[in-house]
Amino acid sequence: MVCKIRSLGLHGITGYEVVAECDLSGGLPAFEIVGLPDTAVKEARDRVRSAIKNCGFSFPVSRITVNLAPADRRKAGTVYDLPILIGILAAGGQLKCPAADVAFVGELSLSGDLRPVTGMLPMAMAASAAGMTTLYVPADSAAEATLAGDVTVYPVQTVTQLAAHLRGESLIAPMPAWQETAAAEVVPDFSEVKGQEQVKRALEIAAAGGHNIAMVGFPGSGKSMLARRLPSILPDMTRQEALECTQVHSVMGLTSKQRPLLTSRPFRSPHHSISATGLSGGGSPLPRPGEISLSHQGVLFLDEMPEFHKNVLEALRQPMEEGAVHITRAAGSETYPARFMLVCAMNPCKCGWYRHPSGRCRCAPGDVEKYLDKISGPLLDRIDLYVDVPSLEFDELTRKSPAESSAEIKKRVNAARAIQTARFGQDGPRCNADMGQAELHTCCVLDDPCQALMKGAFERMGLTARSYDRILRVARTIADLDESAAIGVPHLAEAIQYRASDYLNR
């Protein structure tokens, strides 16, 4: 007898339907799994055999063949343990074959307990798209599965509990849709930062428009401290943005049953020793998302940017333009989302004190050039704002008056993002940084005084066409923060000044 059990698999960060076809036939006892299984899937034979015996069922003494269809797509992971077990028991008459709109996903322990699986959200969304109405998943993964909607999710603790439910003896209560109840994650606040008003202003503009920003300053001036407070002023995520981020984090096993949905924008800060594969994604045998995809809809912070390997930094160029990263390996090709804010912090030289009033820098001019040359011109051209972070004076450090809080700054950022959403609509760019040529022509029109200012800056600073467009996007954001319908000379002048860095435009 052949029994077909619907299940789900992962291809990159996208789920797809898998059917476990289980056949019991005569002949010498054997247990074969076909359909391009990897090692973890093949090892399901031992887990399933032990789970069946330890849960009080009889393991069939016959030839067992399990085909994971579609057979031409590589299967990876442990999510197929539960459907294989249900298929064998149903094919042997120990359980009824489930309805056609029911799917099973889960990893088994040898005792028959179900363990959580990674990538539950994209698989649950695939189940909804495939017309499945009921989904049996491990209890610890059930909250995440409910985020897909339109699917009744049953949290399963053990195989014995599931068998009793399928027989109608002791029903499992469906998992209610997850609602955020835990307190929001506490992040550092801008009220703790003394001075640095110009840098705070630049970070507010970057957050309001989704712009890339680089901070250059001496050691101890507060670059890293300011960057780590950026998440506290980032605009609130929409439901769609939260689901996009959660899918990537779910595949990497970074969600939990307590917080299955990302409700705040991700902030990723990889160490400078990271490889190009770790940053952009890849790996073997199947490609996996990297740090730039984990920072999707959030922030990628590169502290001490020149210390990163040059090939790692160059891997950022294409994703920064396209908002996606394309990984091609022998095992297949994947495309991962990568719309992130790049935030960089760097010293002016290797020792960090170049041009400091104390004169403590001992770097030769050639050493300074060599240090900064690690960052290529095309990458620098993709950064929207450059801001110098000066060392604080004693009076600023000892000032007792409180600084502006993150909550106050975030109100202005959210107001600016609301203007952008109303301007572009739900199907348009998500923020000013994503504007294409069509939006630039209609939303960034310059009057004659602005044209004259822009022409002078273009010729004096040697701007490129890309930097010209990026100045317009930043000016549009500054105008939005000012609640101005048109870009004025003050807005454009402020945007231009963020391109005039002595260190980076040398």
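The values are calculated or read from the model by the stated rules, or taken from the named source; none is laboratory data. Fair warning: this is a prediction, and the values are worked out from it, not measured in the lab. All Cβ positions, even for glycine, are placed from backbone atoms using ideal geometry, and neighbour counts span all protein chains on display.
The residues of the stretch 429-449 that are outside any helix (DSSP H, G or I) and surrounded by fewer than 16 Cβ atoms within 10 Å (Cβ to Cβ), listed by number, are Gly436, Val445, Asp447. Could you list all residues from the stretch 368-401 that are within 23 Å of Arg473 (Cβ to Cβ), in a loop (DSSP other than H, G, I, E, B) and among the small types (Gly, Ala, Ser)? Scanning the stretch 368-401 gives a single hit, Ser376. Restricting Gly281, Gly298 to those that are crowded, with 20+ Cβ neighbours inside 10 Å and at pLDDT below 90 reduces the list to Gly281. Report every pair of residues separated by at least 6 positions or lying on different chains whose Cβ atoms are under 7 Å apart, first residue within the stretch 361-378 and of a type in the set (D, E, K, R), second in a helix (DSSP H, G or I). Qualifying pairs under 7 Å: Lys374/Pro306; Lys374/Lys310.
Residues being farther than 13 Å from Arg201 by Cβ and either within 29 Å of the chain's Cα centre (by Cα) or touching a residue at least 40 places away in the same chain (Cβ under 8 Å) (or both): count how many of those fall in the stretch 394-407.
Summing the residues that are farther than 13 Å from Arg201 by Cβ and either within 29 Å of the chain's Cα centre (by Cα) or touching a residue at least 40 places away in the same chain (Cβ under 8 Å) (or both) in the stretch 394-407 gives 7.
Looking only at helices (runs of 4 or more DSSP H) that lie completely in the stretch 1-101, which have at least 2 residues being at pLDDT 90 or above and surrounded by fewer than 18 Cβ atoms within 10 Å (Cβ to Cβ)?
Values: elements: 39-42, 44-54, 81-91.
Here the list reads 39-42, 44-54.
Cβ-Cβ distances below 6 Å connect the following pairs, each with a first residue in the stretch 326-337 that is touching a residue at least 12 places away in the same chain (Cβ under 8 Å), a second residue that is surrounded by 15 or more Cβ atoms within 10 Å (Cβ to Cβ) and among the hydrophobic types (A, V, I, L, M, F, W, C), and a separation of six or more residues or different chains: Ala331/Leu286; Glu334/Ile327; Thr335/Ala324; Tyr336/Val325; Pro337/Ala324. When Leu261 is tested against the conditions (1) more than 25 Å from Asn414 (Cα to Cα); (2) within 14 Å of the chain's Cα centre (by Cα), the lone failure is (1). In the stretch 289-306, is there at least one residue being farther than 13 Å from Arg339 by Cβ, in contact (Cβ under 8 Å) with a residue 60 or more places away in the chain, assigned to a helix (DSSP H, G or I) and out of contact with any Gly (no Cβ under 9 Å at 6 or more places or on another chain)? Yes.
Here Arg499, Arg466 are screened, and the one residue that is in a helix (DSSP H, G or I), closer than 30 Å to Met305 by Cα and either over 33 Å from the mean Cα position of the chain (by Cα) or not β-branched (Val, Ile, Thr) (or both) is Arg466.
Among the candidates Leu28, Leu36, Leu24, the residue that is touching a residue at least 12 places away in the same chain (Cβ under 8 Å) and touching a Ser or Thr at 6+ places or on another chain (Cβ under 6 Å) is uniquely Leu24.
Of the residues in the stretch 450-463, how many are farther than 12 Å from Leu492 by Cβ and in a helix (DSSP H, G or I)?
3
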